[in-house]
Amino acid sequence: MFNVFVTSSQTPPSAWTYVVSALYIVAFGMFIYGLMGLTGPKTAVRGNWIAGIGMVLAIAATILNVPVRNGQLGGPEGADVSTPTINWVLIAVGLLVGVVLGIPPARRTKMTAMPQLVALFNGVGGGTVALIAWAEFIETDGFQHFRDTPAGPVVAGSLIAAIIGSISFWGSLVAFAKLQELLNKNLERNLVKAAKAFQLANIVLLVVSIAIAIYLAINAANGGGANTWWIVGLLIAAGIMGLFVVFPIGGADMPVVISLLNALTGLSAAAAGIALNNTAMIVAGMIVGASGSILTNLMAKAMNRSIPAIVFGAFGGGDDAAGPAGGAEGGTVKSTSASDAAIQMAYANQVIVVPGYGLAVAQAQHAVKEMAGLLESKGVEVKYAIHPVAGRMPGHMNVLLAEADVPYDAMKEMDDINGEFNRTDVAIVIGANDVTNPAARNDPSSPIHGMPILNVDEARSTIVLKRSMSSGYAGIENPLFFADATSMLFGDAKGSVDSIVEELKAL
């Protein structure tokens, strides 16, 4: 893998060659060590810094590797040292543009919009890889001229990067638009209903993309020189496929889709690294691709769904799709007040908080932490039930609660907490809809049937905080809201929790 040791002559590698290799090894070690730090909130910031420094070292090694390999910095004898290899102006401009466009949104974006930011940044990565593949095609005159790398890896890596990178870029843009609610709700529901049409179109687009890729590969084996429009056609076909893959996927599956697109971006970066003979891109891309694939598989299993079922058929979508006034069987809704909710929880032995996207929207995490502190001071045990797809990206609720200094050991995963609901006095659901819907367990006709849920309906009493009776992101009604043991506290989540806090202080 470390191709810097391989030279075009039989002379020993220079000292600079070993320096480059050492930088790469240190950088990759920092990537892995930084990723290990992301396993917990206490080490996540440090892990990000370590991985970031590793990336700086990888960039430095890559820039330094070019003059080394071309004989301009102690490279092999006989190398062409007259060939310009680095355009420092373009590198500086690229770094500056990246910093200007990357840092402000990362610093200013609220936690509620973090899934959109992740989708957008992920899409930028995929788009960059697709552009690299296009640039490689142009630079080699349609795969006609190669550097010191064998033709096979260049062609295969470039074509794979072009296809996967385009799918990831355009698919991520659709995910961003859905999460940002830029699509009309009626349009979004119609897109979900047209899933079969999109599946057929994607089969055609996949065949077209593969056919173009095979033609370009065969053409390269015969000397290359294909017209630029062939690679453009490949990028367009793959890009439309990316749009059509994500268009019909509903909101309940969006966290899994974000993880899947992230994995695709990593794999496309690794393919581009093979094409460019760039060790840093290969290793970093494989780390992202492998970790993203593992996470996607874990989340799909947590929803009792396969990845193909998510990609080729989706749950409904639309936050604002209002459910009917009554329950699925003509039930009625019982309203409660902040004072009644406070009394119920103050005299409970155990309270389980179930956070959802509504909590993130209202920025109620700090108020919830204060409420939990007051309950604990009264001898009430407080735990937090985290569904793997609560929110709109993997780990959304964990990060949100950690921001409010909620102890990490108080956040319980679904498998660990579900057995405790039947001996819990009060479960308070804050902005969570689909992950608490008993229809997933009891109604075979429900579009989310089979998806594991938090067993909130087994608690002795359930208090649900919502703005209105509108349905969740999957666009379906939740029978939990009409259950005999459930009472609704309507209003902004933060305002409702603040009111409960004041009542608890008065008790």
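The values are calculated or read from the model by the stated rules, or taken from the named source; none is laboratory data. Keep in mind it's a predicted model, so treat the numbers as computed, not measured. Ideal geometry is used to build each Cβ from the backbone, glycine not excepted, and the neighbour counts take in all protein chains shown. All accessible areas refer to the heavy atoms of the entire protein, side chains included, with ligands and DNA or RNA removed. Shrake-Rupley method; radii C 1.70, N 1.55, O 1.52, S 1.80 Å.
All conditions in (1) open to solvent by less than 60 Å² (accessible area, probe 1.4 Å); (2) closer than 30 Å to Asp141 by Cβ; (3) at pLDDT 80 or above hold for Val245, with the sole exception of (2).
Taking the numbered list (1) open to solvent by less than 30 Å² (accessible area, probe 1.4 Å); (2) at pLDDT 85 or above in turn, Thr140 passes all entries but (2). Restricting the first residue to segment 450-467 and requiring it to be touching a residue at least 12 places away in the same chain (Cβ under 8 Å) and farther than 16 Å from Tyr384 by Cα, which pairs with a second residue that is open to solvent by 10 Å² or more (accessible area, probe 1.4 Å) and of a type in the set (D, E, K, R) meet a Cβ separation below 6 Å and a spacing of at least six or different chains? Close Cβ pairs satisfying both conditions: Arg460/Asp425.
Please go through segment 22-42 and give me each residue that is modelled with pLDDT under 85 and more than 13 Å from Ser291 (Cβ to Cβ), ordered by number. Walk me through how you get there before you give the answer.
Looking only at segment 22-42, we keep the residues that are modelled with pLDDT under 85, and these are 38-42.
Gly40, Pro41, Lys42, listed by residue number.
Looking across segment 394-423, the residues that are buried (at least 20 other Cβ atoms within 10 Å of the Cβ) and not in a loop (DSSP other than H, G, I, E, B) come down to His396, Met397, Asn398, Leu400, Leu401, Met411, Ile417, Phe421.
Of all residues in segment 177-195, those being more than 22 Å from Ile163 (Cα to Cα) and assigned to a helix (DSSP H, G or I) number 11. Residue count for segment 44-64 satisfying the condition of being farther than 18 Å from Ala22 by Cβ and open to solvent by less than 40 Å² (accessible area, probe 1.4 Å): 4. Could you list, in sequence order, all residues of segment 241-276 that are over 30 Å from Asn433 (Cβ atoms) and in contact with a helix residue (DSSP H, G or I) (Cβ under 6 Å, 6 or more places away or on another chain)? Those that are over 30 Å from Asn433 (Cβ atoms) and in contact with a helix residue (DSSP H, G or I) (Cβ under 6 Å, 6 or more places away or on another chain): Met241, Gly266, Leu267, Ser268, Ala269, Ala270, Ala271, Ala272, Gly273, Ile274, Ala275. Every test in (1) part of a loop (DSSP other than H, G, I, E, B); (2) in contact with a Leu (Cβ under 9 Å, 6 or more places away or on another chain); (3) modelled with pLDDT of 90 or more is passed by Gly391 save one, and that test is (3).
Only one of these is farther than 30 Å from His396 by Cβ, part of a helix (DSSP H, G or I) and over 26 Å from the mean Cα position of the chain (by Cα): Ala156, Ala201, Ala162. Name it. It would help to see each step written out before you state the result.
Working: Ala201 fails: over 26 Å from the mean Cα position of the chain (by Cα); Ala162 fails: over 26 Å from the mean Cα position of the chain (by Cα).
On inspection, the qualifying residue turns out to be Ala156.
Checking each residue in segment 204-242 for being open to solvent by 30 Å² or more (accessible area, probe 1.4 Å) and assigned to a loop (DSSP other than H, G, I, E, B) picks out Asn222, Gly223, Gly225, Asn227.
Determine whether Ala238 is aliphatic (A, V, I, L, M) and closer than 30 Å to Leu187 by Cβ. Outline the logic, then answer.
Numbers: aliphatic (A, V, I, L, M): yes; closer than 30 Å to Leu187 by Cβ: yes.
Here the answer is yes, as Ala238 does meet what is asked.
For Gly431, state whether it is modelled with pLDDT of 90 or more and of a type in the set (Gly, Ala, Ser). In short, no. Within segment 186-204, residues that are in contact (Cβ under 8 Å) with a residue 60 or more places away in the chain have Cβ atoms under 9 Å from residues that are among the charged types (D, E, K, R) and open to solvent by less than 70 Å² (accessible area, probe 1.4 Å) in these pairs: Glu188/Lys178, counting only partners at least 6 apart in sequence or on another chain. Restricting attention to segment 362-387 and to residues that are assigned to a loop (DSSP other than H, G, I, E, B) and surrounded by fewer than 23 Cβ atoms within 10 Å (Cβ to Cβ), the residue that is nearest to the chain's Cα centre (by Cα) turns out to be Gln363. Residue count for segment 261-299 satisfying the condition of being open to solvent by 40 Å² or more (accessible area, probe 1.4 Å), within 21 Å of Trp134 (Cα to Cα) and of a type in the set (Val, Ile, Thr): 1. Just a yes or no: is a residue in segment 425-442 among the acidic types (Asp, Glu), closer than 21 Å to Ala483 by Cα, open to solvent by 10 Å² or more (accessible area, probe 1.4 Å) and in contact (Cβ under 8 Å) with a residue 40 or more places away in the chain? Yes, some residue in segment 425-442 is among the acidic types (Asp, Glu), closer than 21 Å to Ala483 by Cα, open to solvent by 10 Å² or more (accessible area, probe 1.4 Å) and in contact (Cβ under 8 Å) with a residue 40 or more places away in the chain.
Each row is one residue, and each column tells you yes or no for (1) closer than 12 Å to Leu264 by Cβ; (2) open to solvent by 50 Å² or more (accessible area, probe 1.4 Å).
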residue	(1), (2)
Leu159	no, no
Ala162	no, no
Gly165	yes, no
Trp170	yes, yes
Leu173	no, yes
Leu179	no, no
Asn184	no, yes
Arg189	no, yes
Val192	no, no
